[in-house]
Amino acid sequence: MLEPAYFYKDEIEKNFIKLQGTEEIMFYSGNYSGYIPEITKETCNQYAITEKGKLIGYFAYTFDVYSLCMKDFGLMAFDSNNKRIGLDVYKQIKKIIFEYNVHRIEYCMISGNPVEKHYDNFCKRFQGRKLVLKDAFKDEKGVYHDDVIYEILIP
């Protein structure tokens, strides 16, 4: 279930603090250094993903009302094996597409992300395209990763 992130602000921040310097935070933010989302009462489009009152993930995006573009996705699973996270996020994105008449969706990731196949499937489902920038990111082990950009146009 998606709930306003503000209701779980402290718990979300604690979970992000635990992840600092890990591969999970690298895949989320594109770096290893100190990323914690800024959550306020006024912030919209930030959600705690919960199951039976327990925080299992965090989801955020921006929506440009002028260009009808949904972008800047942020998805972090605090319970990585929980299918509820993907189902809730997919349901929310479909709702936004059809309620707000979205024209464009764009999202990025670093190759090697465990959810890449899900991102690919979502892109295919809406006849999008995947662009790959080769060796755009070097992790702390010295391994290069591609920067992957997804683009979906909705007529």
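Numerical summary
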item	result
Index of the failed condition, residue 60 passing every other in (1) at pLDDT 90 or above; (2) outside any strand (DSSP E or B); (3) open to solvent by less than 40 Å² (accessible area, probe 1.4 Å); (4) not acidic (Asp, Glu)	(2)
Top-ranked residue in region 121-142 [being outside any strand (DSSP E or B) and touching a residue at least 12 places away in the same chain (Cβ under 8 Å); ranked as most open to solvent (accessible area, probe 1.4 Å)]	127
Residue list for region 39-55, restricted to those being within 13 Å of residue 4 (Cα to Cα) and either open to solvent by 60 Å² or more (accessible area, probe 1.4 Å) or among the acidic types (Asp, Glu) (or both)	41, 42, 44
Subset of region 81-108 [open to solvent by less than 30 Å² (accessible area, probe 1.4 Å) and either in contact with a Cys (Cβ under 8 Å, 6 or more places away or on another chain) or part of a helix (DSSP H, G or I) (or both)]	85, 88, 89, 92, 93, 96, 97, 102, 105
Answer from 15, 31 - the residue that is open to solvent by less than 80 Å² (accessible area, probe 1.4 Å), closer than 22 Å to residue 119 by Cα and under 16 Å from the mean Cα position of the chain (by Cα)	31
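The values are calculated or read from the model by the stated rules, or taken from the named source; none is laboratory data. Computed from a predicted structure; not experimentally measured. When we count neighbours, we look across all protein chains shown, and the Cβ atoms used for this are built from the backbone with ideal geometry, even at glycine. Note: accessible area is taken over every heavy atom of the protein model, side chains too, but ligands, DNA and RNA are not part of it. Shrake-Rupley method; radii C 1.70, N 1.55, O 1.52, S 1.80 Å.
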